[in-house]
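Take a look at the structure set out below.
Each value in this text was obtained by applying a stated rule to the coordinates, not by laboratory testing. Since we're looking at a predicted model, the values are computed, not measured. Glycine also receives a Cβ, built like all others from the backbone with ideal geometry; neighbour counts cover every protein chain displayed.
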Amino acid sequence: MSFWKEKSLTQMDPHEWESLCDGCGKCCLNKLIDDETEELYYTSVACKLLDHQQCNCTHYAERVSYVPLCTQVTAENIAELTWLPDSCAYRRLHLGRDLPSWHPLITGSKVAMHQAGMSTQDKVKCETKIKYLEDHIVLWPMMDVD
């Protein structure tokens with residue numbers, strides 16, 4: 001059943017909500033905002049908790065105790081989280097779009113997502129090894145295929 005087509009974000013149970021996350025890791029990237037233009041820039045520098053191969057948080061359930069500023073995406077705050085990439089399932093559904101063809105709920109695994117280049121797999125550096133975030137600005141997180 002395609003529950004995401006039948007229910008609104010606020011109607012989903014916790015299991016359905018969590019399964020919407022494709023596990024791309026893009027929300028775990030460090031971002032910069034230009035003070036003058038307020039333009040958002042993604043970097044290739046990831047949170048210290050991101051598993052760079054699996055694109056999962058290594059301490060998801062208790063991530064806020066490790067990273068107090070980690071944002072929990074909810075149906076109540078999704079409209080405010082304009083920094084989420086356009087490929088994000090939560091953002092797509094909030095904006096009235098469907099899940100992309102590569103989404104794990106459609107394909108059954110993350111393989112198609114990785115093959116489409118929609119995840120952070122093999123593209124990121126650990127934040128503990130970076131001195132200047134400005135040197136690591138990238139455009140690929142904003143890519144939205146499908």
Search the structure for amide H atoms under 5 Å from the amide H of VAL45, placed 1.01 Å from N in the peptide plane, and list their residues when 5 or more places away or on another chain. ASN30, LYS125
Once a ≥ b ≥ c are taken as the square roots of the eigenvalues of the Cα gyration tensor of the stretch 1-86, is the result rounded (a/c under 1.5), prolate (a/b larger than b/c) or oblate (a/b not larger than b/c)? oblate
Neighbours of MET118 by Cβ distance under 10 Å: Lys/Arg at +1, Asp/Glu at -1, summed charge -1
Residue of SER87, SER101, SER44 that the Gaussian network model of the chain assigns the largest fluctuation, springs spanning Cα pairs under 10 Å: SER101
Of all beta bridges DSSP finds with both residues in the stretch 3-140, what is the antiparallel percent, to the nearest 5? 80
Taking one equal scatterer on every alpha-carbon of the stretch 70-146, how large is log10 of I(q)/I(0) by Debye at q = 0.19 1/Å? -0.97
Gain in span if fully extended, TYR132 to LEU40, counting 0.36 nm per residue against the direct Cα distance: 31.5 nm
Could you size up the charge dipole of the stretch 3-140 around its Cα centre, putting +1 on the beta carbon of Lys and Arg and -1 on that of Asp and Glu, and report it in debye to the nearest 20? 480
Within the chain, which cysteines find no other Cys whose Cβ is under 4.7 angstrom from their own? CYS21, CYS24, CYS27, CYS55, CYS57, CYS70, CYS88, CYS126
Using Stokes-Einstein with the Kirkwood hydrodynamic radius over Cα pairs, what translational diffusion coefficient do you get for the chain at 20 °C and a viscosity of 1.002 mPa s, in µm²/s rounded to a whole number? 134
Residue farthest toward the positive end of the dipole of the stretch 3-140, with Cβ of Lys/Arg at +1 and Asp/Glu at -1: which of ALA79, GLY108, TYR42? GLY108
